[in-house]
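The values are calculated or read from the model by the stated rules, or taken from the named source; none is laboratory data. Note that the structure is predicted; figures quoted are calculated from it, not measured. All Cβ positions, even for glycine, are placed from backbone atoms using ideal geometry, and neighbour counts span all protein chains on display. These accessible areas exclude ligands, DNA and RNA; they are computed on the full protein's heavy atoms, side chains included. Shrake-Rupley method; radii C 1.70, N 1.55, O 1.52, S 1.80 Å.
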Amino acid sequence: MNLKTEDLPPIAEKTVRKVLGENETKHPTSPWKEQSIGEHIHHAVVHLICFDYEMARSEDHLANALTRITMAIAVRGEGDK
């Protein structure tokens, strides 16, 4: 697949929305906004390691890592307001 820069944001947004939707279904009371930036970064790193080593193929680790980074940015943004 040959991606152009303008194609990336829609793909990233769609991926994050999908993972967040799945998370809401699995964990309806998940307080991700209350978790620390460090906790989100830790989970993102774990997902990246699992992706790199192709562990637990039942999860899309790259999509989960992207979502955790997005969550960390959102939590940081919440504190800036």
| said: Please compute the Kirkwood hydrodynamic radius over the chain, one decimal place, Å, based on all pairs of different Cα atoms. | reply: 13.6 Å
| Stretch Asp60-Val46 to full length: gain in nm at 0.36 nm per residue minus the Cα-Cα span? | 3.8 nm
| task | Please name which of His61, Ile11, Leu48 has its Cα lying farthest along the dipole of the chain towards the positive end, using unit charges on Cβ (Lys, Arg +1; Asp, Glu -1) and the Cα centre as origin. | result | Ile11
| trypsin sites (Lys or Arg not before Pro) restricted to region 24-75 and DSSP loop, no more than 11 other C-beta within 10 Å | Arg57
| said: Under the 0.36 nm per residue contour assumption, what length would be gained going from the current alpha-carbon distance of Ser36 and Glu6 to full extension? | reply: 7.7 nm
| query | Which whole-number percent gives the relative contact order of the chain, counting Cα pairs below 8 Å spaced six or more residues apart? | reply | 37 percent
| remark: Per the helix-only model, the chain has a calculated mean residue ellipticity at 222 nm (DSSP H runs of ≥4, -39500 (n - 2.57) each, divided over all residues, rounded to the nearest 500) of -23000 deg cm²/dmol
| message | Quick check: at a probe of 1.4 Å, how many percent of the accessible area of the chain sits on carbon and sulfur atoms? | response | 57 percent
| query | With every protein chain left in place, what is the accessible area per residue of the chain in square angstrom, probe 1.4 Å? | reply | 79 Å²
| field | Nearest-20 debye value, region 1-47 charge dipole, Cβ charges on Lys, Arg, Asp, Glu | value | 100 debye
| field | Point-charge dipole on Cβ atoms (K/R +1, D/E -1) for the chain, about Cα centre, debye to 20 | value | 120 debye
